[in-house]
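Bear in mind these aren't lab numbers, they're just calculated from the coordinates by the rules spelled out. As the structure is a computational prediction, the values presented were derived from the model and not from experiment. Every residue, glycine among them, receives a Cβ derived from its backbone with ideal geometry; neighbour counts consider all protein chains shown.
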Amino acid sequence: MELNTIFFIGPQGSGKGTQAKMLASKLGFFYWEMGGILRQVAQEETELGKKIKGLIDQGILLSDDQIYEVVNSRFTQIPKDKGVIFDGIPRRLGQAQFLMDFLKKQGRKNFVTLYINLPKEETFKRLKLRAEKEGRADDTQEAIELRLKQYTEATLPVLDYLNQETSFFEIDGTPAIEKVSAKINEALGI
């Protein structure tokens, strides 16, 4: 399978970021980590930056229009022939439709989705541990509960759409990093 655009989807704490970074490095792809990009924008002294910072600090997902604005402004920095791995986007059906249309207009095709599945209890456990290690302001108990509720309501319908529009693989995110990575490589035939 010829790869050029890969979406990583999964609940926070599923290890999708770790796996996406490892795969991007292995394939020489650009790693588009939406949370990191949004945190960069949130540090900018702009109206959009201040608004995004406030929402991130509260653990609230951004509106689709705010996401589109960021994608439009930042995506042009990636060479057209470079593969891209998306982590943290799309999170809602509208974002998925926008992103697929946007990427097709950029001449991209051969879309793959890697859905890293993880039980809710394991998600809580991992995020609490991450909060202790990294001291992230967005990993409070309340913020985690809100993000998981938003994820369940908004992101899960995206899976149905991506299952129809892309080559779709569900990967169990429970095992150790190396085992999950091996399953991803196996699914992609690399």
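Could you give me the ³J(HN,Hα) list for the stretch 173-180, computed from phi with Karplus coefficients 6.51, -1.76, 1.60 and θ = phi - 60°, whole Hz, x at Gly and Pro?
Taking θ as phi minus 60°, the curve returns x, 6, x, 4, 3, 4, 5, 5 Hz for the stretch 173-180.
For Phe30, list long-range residues whose amide hydrogen, built 1.01 Å from N in the peptide plane, is under 5 Å from its own amide hydrogen.
Gly83, Val84, Ile85
Rounded to whole Hz and in sequence order, give me ³J(HN,Hα) for the stretch 12-21 from the Karplus expression 6.51 cos²θ - 1.76 cosθ + 1.60, θ = phi - 60°, writing x for Gly and Pro.
Those phi angles translate into 4, x, 6, x, 5, x, 4, 5, 5, 4 Hz.
Rounded to the nearest 500 deg cm²/dmol, what is the calculated helix-only ellipticity per residue at 222 nm for the chain, with -39500 (n - 2.57) per DSSP H run of length n ≥ 4?
My calculation for the chain gives -17000 deg cm²/dmol from helical runs alone.
How large is ³J(HN,Hα), in whole Hz, for each residue of the stretch 148-159 in order, when computed from phi with the Karplus curve 6.51 cos²θ - 1.76 cosθ + 1.60 and θ = phi - 60°, using x for Gly and Pro?
5, 5, 5, 4, 4, 6, 9, 7, 4, x, 4, 4
Rounded to whole Å, give me the distance from the Cα center of the stretch 125-190 to that of the stretch 18-95.
Cα centroid to Cα centroid, the span is 16 Å.
What are the lysines whose alpha-carbon lies under 23 Å from the alpha-carbon of Lys82, with same-chain residues fewer than 8 places away excluded?
Lys16, Lys21, Lys26, Lys104, Lys105, Lys109
Can you give the charge dipole size of the chain about its Cα centre, rounded to the nearest 20 debye, using +1 on the beta carbon of Lys and Arg and -1 on the beta carbon of Asp and Glu?
360 debye
Relative contact order for the chain: what is it in percent, counting Cα pairs under 8 Å that are at least 6 residues apart?
This gives 34 percent for the chain.
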